[in-house]
1. Within region 435-450, track down each residue that is in a loop (DSSP other than H, G, I, E, B), among the aliphatic types (A, V, I, L, M) and open to solvent by 10 Å² or more (accessible area, probe 1.4 Å).
2. State the number of residues belonging to region 117-172 that are more than 25 Å from the chain's Cα centre (by Cα) and among the polar types (S, T, N, Q).
3. Can you tell me which residues in region 144-164 are touching a helix residue (DSSP H, G or I) at 6+ places or on another chain (Cβ under 7 Å), at pLDDT below 95 and open to solvent by 10 Å² or more (accessible area, probe 1.4 Å)?
4. Go through (1) open to solvent by 10 Å² or more (accessible area, probe 1.4 Å); (2) in a helix (DSSP H, G or I); (3) without any contact (Cβ under 8 Å) to a residue 60 or more places away in the chain and name the single condition K337 misses.
5. Among the residues of region 69-84, what is the count of those that are open to solvent by 80 Å² or more (accessible area, probe 1.4 Å), modelled with pLDDT under 55 and among the charged types (D, E, K, R)?
6. Please note which helices (runs of 4 or more DSSP H) are completely contained in region 355-434 and include at least 3 residues that are under 24 Å from H322 (Cα atoms).
Amino acid sequence: MWSRGPDRDSFPISGACRLIELFRSEVEKEPDLALLSIVVGAIENSLTERKPSNPEQDKQTLKSRHQNDSKSDKLVKVGFPVITYEEVSTLYDKFVGIIRGALGNEAKTKHLQTASRALIKKVSDVIWNSLTRSYYKDRAHLQSLYSYLTGSKLDCFGVAFAVVAACQVLGYTDVHLALSEDHAWVVFGPDGNETAEVTWHGKGNEDKRGQPIGAGAITTSWLYVAGYPVVCTRHMEVAALVSSINPSIDSTTDAFEVALMQQRLLWLLYEQGYLSGYPMALGNLGELEEVRRYDDGKVRPDASELFQEAIGSARKNYCNRHVYPYTFQGGYYFRNKMYKEAFGSWADAGDVIRSYNYSRDDEEIYKEFIEIANELIPQIMKIESSGHSARSILKDPQCFAHLLRFYDGICKWEEESQTPILHIGWAKPLVSTISKFDADVRAQVNIICHDESTDEAKDNSSIDNESQSADDVSMSQSSSAISATASSENTPKELGEEMEAVANSHPTTTLYSHKMKGLKDLLLAEKLNTHAISLHLTAQSQVFVSKKQKASGDGTDSNAHCSIRPKRIRRE
C-alpha cells in the first residue's frame, strides 16, 4: 500500500522558492501526485479568487498576451499566500479517506499486482459520484484536488488526474494519464496497453467510464490524436499538473504570482527532461516566456525556440499528429508581425488536421481554426493591403500557397465526416483574402491535385494510415525548410539546388481535398469569380466511401462512389 503524505519540514510554503524546493524534492523520487495537486491548487485558488487590494496595481500591465484582442490582458500582483502543513495534511487525509473508505479492499497487496478495468471503473465512479453538478465544466481553476476536496468540483482533466492520484494512493503504479490535445483518459496493465475512459467530453458521455478507447475513434478522431497521445510517466503527470495551472483572475487579468509559479515549475521540469515528450507543456512555457522572460542568470531557450521544440517533439514522438504546436507558433509569429511565417505555421496545422474526420467532439480545435481563418488572417490582410510596400506578403506567391494549404486542410477535415464545417461564415473571409492577391502572384503557384487512384493499391487501412502519417511529417518538414514547396515525390531529386531556388519564387503546393481541387482553375483565373468560389466551398459535401468501409462491408454499397450528405445544419 502506497501513501506518503506531506512532510512537515516542507511547510509552511510562503513563497515561490519554498514551492520550488517542494517540487524539486518530489521529482527526485516518485512524486506524490495528491500532495502536489493540493498544494498547487491551494495557491492558485487563493491568488485568483480575489482582485488586487490596491486599484493602482491594475496599471501594472506587463504585456498584452494577445495584441490582436481589443481586451488588454494584464498580469497583476496580489500577494503570495501562506500554505500551512495543517491545511495540506487535513485535505490529504480527506482524499486518502475517500478513496480507501470506498475501495480499501482494492489496495495493492502484491508487488506484481496491476490494476484491472473493474478497479479503474470503481475509482472513477467514486470520484464522479462525489462531484457537485451545479457548476459549468468550463470554469477555471477546477483541475486540482484542492478544488475537489474543498468544493467537490473538477473539470475533465481534473477527474482523470484524480483517478490516477487515487490509484497511486491505493498502491497501483501501472495507472497513468494519457493526454490528447483536449481530452484525458488512463492507460494501465502490465505493459500499459490497456485504455479506459474515466472522464467525460461533451454532454451525455459520462457513461463511458471504464470503457476502452474505440479503435475507430483512435484512427480518425482528433480528440484521440489518431492513437498518438502523450502517455505520461509519473514525472510527466507532474508536468501535466503544472501545465494545467490557470493564472487567470478574470477574462482580462492574470495573477502575476501564479504565472511566475507555473513558469518556474515548468523550467524545473524542463531542466530535468520531463517536457521533451510533452508538446503542449512546451507550448505553454513558450507563451509564458513570450509574456515575460524568466531571468535567473541561466542561458535558456527563448519563446520561439520553445515553440519549435514543441513541433519537433510532436514530429518525433507523435507522428506529427498534434495540431497545437503549430497554432502556438503561428500565434507567436502573428503577435510579432511575422505574417509570412504565421501563414506557414497555420498551413502546417492544416496539414495535420486533414488526416482527421471532423466531429462534434472537435469543438475546441474548430474554434482555433475559425479564429485563424475569420479573425487573424483578415486582420493581416487589412494591415498588408493598407500599404504598397514591395515586400508586402500580398506580392509573395509563397504566402498564397500557404493559404491554399491551410484551407485545403480544413476541407479535407470535412470530408467523410458526419457534420459539415464550411458555411458562408468561412467562405466570405476566404474569398476576401484570396481576392487581395493579384492574378500574376496567384499564377506563380504551381498547384498539383493529389491523385487518389495512386493509393488504391494500399487498401489495407493500417498501411494507408502509416503512409498518411509519414506524408504528413514530410509535408510539414518540407514547409519549414522551403515554404509550401512540393514533397519529394513531386520534385525530382536531380534538379537539386537550382530547383530549390526556383521553388522559392514559384512554389508548388499539393491539394488533397475534393473542394479545393475543384477550385484550382478558379483560384488561378486572371479575374476571380468570387461568387462561384463561395458557392463551391459551401455546397453540400460528398461523403466519399473510405477504403476501410469498402473492405469491411460496413453496410455500404461497394459500387457506390459517394453519397450525398443530409441537408446542411448551419452553425450559429
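1. Of the residues in region 435-450, the ones in a loop (DSSP other than H, G, I, E, B) are 436-438, 443-445, 450.
Among the residues that remain, those that are also among the aliphatic types (A, V, I, L, M) are: 443, 445.
If the condition is that a residue be in a loop (DSSP other than H, G, I, E, B), among the aliphatic types (A, V, I, L, M) and open to solvent by 10 Å² or more (accessible area, probe 1.4 Å), then A443 is the only one that fits.
2. Qualifying residue count for the region: 7.
3. Correct list: K153 only.
4. (2)
5. Taking region 69-84 first, the residues open to solvent by 80 Å² or more (accessible area, probe 1.4 Å) are 70-71, 77, 82.
Those still in the list that are modelled with pLDDT under 55 too: 70-71.
When the remaining residues are screened for being among the charged types (D, E, K, R), the result is 71.
Within region 69-84, residues that are open to solvent by 80 Å² or more (accessible area, probe 1.4 Å), modelled with pLDDT under 55 and among the charged types (D, E, K, R) number 1.
6. Numbers: elements: 363-371, 377-384, 397-414.
Ranges flagged: 363-371, 397-414.
Residue by residue, here is whether (1) under 17 Å from the mean Cα position of the chain (by Cα); (2) among the basic types (K, R) holds:
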| residue | (1), (2) |
| --- | --- |
| D254 | no, no |
| V258 | no, no |
| M261 | no, no |
| R300 | no, yes |
| K316 | yes, yes |
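Yes/no per residue for (1) open to solvent by less than 10 Å² (accessible area, probe 1.4 Å); (2) charged (D, E, K, R); (3) over 23 Å from E28 (Cα atoms); (4) in contact with a strand residue (DSSP E or B) (Cβ under 7 Å, 6 or more places away or on another chain):
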{"site": "T252", "(1), (2), (3), (4)": "no, no, yes, yes"}
{"site": "E257", "(1), (2), (3), (4)": "no, yes, yes, no"}
{"site": "Q272", "(1), (2), (3), (4)": "no, no, no, no"}
{"site": "S276", "(1), (2), (3), (4)": "no, no, no, no"}
{"site": "E290", "(1), (2), (3), (4)": "no, yes, yes, no"}
{"site": "G297", "(1), (2), (3), (4)": "no, no, yes, no"}
{"site": "R300", "(1), (2), (3), (4)": "no, yes, no, no"}
{"site": "A314", "(1), (2), (3), (4)": "yes, no, yes, no"}
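The values are calculated or read from the model by the stated rules, or taken from the named source; none is laboratory data. Every value quoted in this text rests on a predicted model; they were computed, and no experiment measured them. So basically every Cβ, Gly included, is an ideal-geometry build from the backbone, and we count neighbours across all protein chains shown. Heavy atoms of the whole protein, side chains included, go into the accessibility calculation; ligands, DNA and RNA do not. Shrake-Rupley method; radii C 1.70, N 1.55, O 1.52, S 1.80 Å.
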